[in-house]
1. Name, by its number, the condition in (1) assigned to a strand (DSSP E or B); (2) under 30 Å from residue 154 (Cα atoms) that does not hold for residue 57.
2. In contact (Cβ under 8 Å) with a residue 60 or more places away in the chain and on the phi > 0 side of the Ramachandran plot: does that describe residue 63?
3. Could you count how many residues in the stretch 124-144 are assigned to a strand (DSSP E or B) and surrounded by fewer than 16 Cβ atoms within 10 Å (Cβ to Cβ)?
4. All but one of (1) in contact with a Gly (Cβ under 8 Å, 6 or more places away or on another chain); (2) outside any strand (DSSP E or B) hold for residue 72, so report the exception by its number.
5. Among the numbered conditions (1) on the phi < 0 side of the Ramachandran plot; (2) in contact with a helix residue (DSSP H, G or I) (Cβ under 9 Å, 6 or more places away or on another chain); (3) outside any helix (DSSP H, G or I); (4) surrounded by 15 or more Cβ atoms within 10 Å (Cβ to Cβ), tell me where residue 106 comes up short.
6. Restricting attention to the stretch 131-139, does a residue exist that is of a type in the set (Val, Ile, Thr), out of contact with any Ser or Thr (no Cβ under 9 Å at 6 or more places or on another chain) and more than 16 Å from residue 63 (Cβ to Cβ)?
7. I'm trying to understand the selection: among the residues of the stretch 85-102, which are crowded, with 18+ Cβ neighbours inside 10 Å and closer than 14 Å to residue 42 by Cα?
8. So which residues in the stretch 97-115 are of a type outside the set (Phe, Trp, Tyr) and either under 12 Å from the mean Cα position of the chain (by Cα) or within 21 Å of residue 84 (Cα to Cα) (or both), if there are any at all?
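The values are calculated or read from the model by the stated rules, or taken from the named source; none is laboratory data. Keep in mind that what you see is a predicted model, and the values were worked out from it rather than measured. We place every Cβ from the backbone using ideal geometry, glycine too, and count neighbours over all the protein chains shown.
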Amino acid sequence: MPTELRDALDDLLNTIMETKPPLPPFTLETAKAKVQAAEDGWNTRDPERVALAYTLDSQWRNRSEFLSGRENIRAFLRCKWDKELDYRLKKELWSFTDNRISVCFEYEWHDDSGHWYRSYGNEQWEFAENGLMQRRETSINDLPIQEADRKFRWER
């Protein structure tokens, strides 16, 4: 199935269903579950699946890039995981309120020439009532590492 058709079907299905539990307002338990779900999703490295966690008009700031809309998020993630190979991510809940969650994260990846990096960052998330993320603000720093210094070695 062509990617464009799959994207359109995913958007239609998501519009019909439009719910991604746990829903706000968050408790400690549901905020932790939301963070774990995000970690699990991103570790699939599947832009089609990951993009479905965001509203159709979701607003992102990722490093110095500003994105708007699920299709732009999908395209961004495709490029990201074409560059950041063998990506493995850990997220940790930092704080939460009714419909917002802050996380700290680190992930490891290598480029196509075999150079390894560990990326550290913070994210602030804002959720719509249906549990989809409507806003994401992310700051990230990359640290070159040796392959031997990797911490995240689990199988995909």
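1. Of the numbered conditions (1) assigned to a strand (DSSP E or B); (2) under 30 Å from residue 154 (Cα atoms), the odd one out for residue 57 is (2).
2. Details: in contact (Cβ under 8 Å) with a residue 60 or more places away in the chain: yes; on the phi > 0 side of the Ramachandran plot: yes.
For residue 63, the condition - in contact (Cβ under 8 Å) with a residue 60 or more places away in the chain and on the phi > 0 side of the Ramachandran plot - is met.
3. Taking the stretch 124-144 as the starting set, the residues that turn out to be assigned to a strand (DSSP E or B) are 124-127, 133-144.
Now restrict to residues that are surrounded by fewer than 16 Cβ atoms within 10 Å (Cβ to Cβ): 137, 139-144.
Of the residues in that region, 7 qualify.
4. (1)
5. Against the list (1) on the phi < 0 side of the Ramachandran plot; (2) in contact with a helix residue (DSSP H, G or I) (Cβ under 9 Å, 6 or more places away or on another chain); (3) outside any helix (DSSP H, G or I); (4) surrounded by 15 or more Cβ atoms within 10 Å (Cβ to Cβ), residue 106 comes up short only on (2).
6. Here is the first cut: in the stretch 131-139, the residues of a type in the set (Val, Ile, Thr) are 138.
Retained after the next criterion (residues that are out of contact with any Ser or Thr (no Cβ under 9 Å at 6 or more places or on another chain)): 138.
In the following step, the residues that additionally are more than 16 Å from residue 63 (Cβ to Cβ) were identified as none.
The answer is no; no qualifying residue exists.
7. Selection gives 87, 88, 89, 91.
8. If we filter the stretch 97-115 for residues that are of a type outside the set (Phe, Trp, Tyr), which is where we start, we get 97-104, 106, 108, 110-115.
Residues satisfying the conditions are 103, 104, 106, 108, 110, 111, 112, 113, 114, 115.
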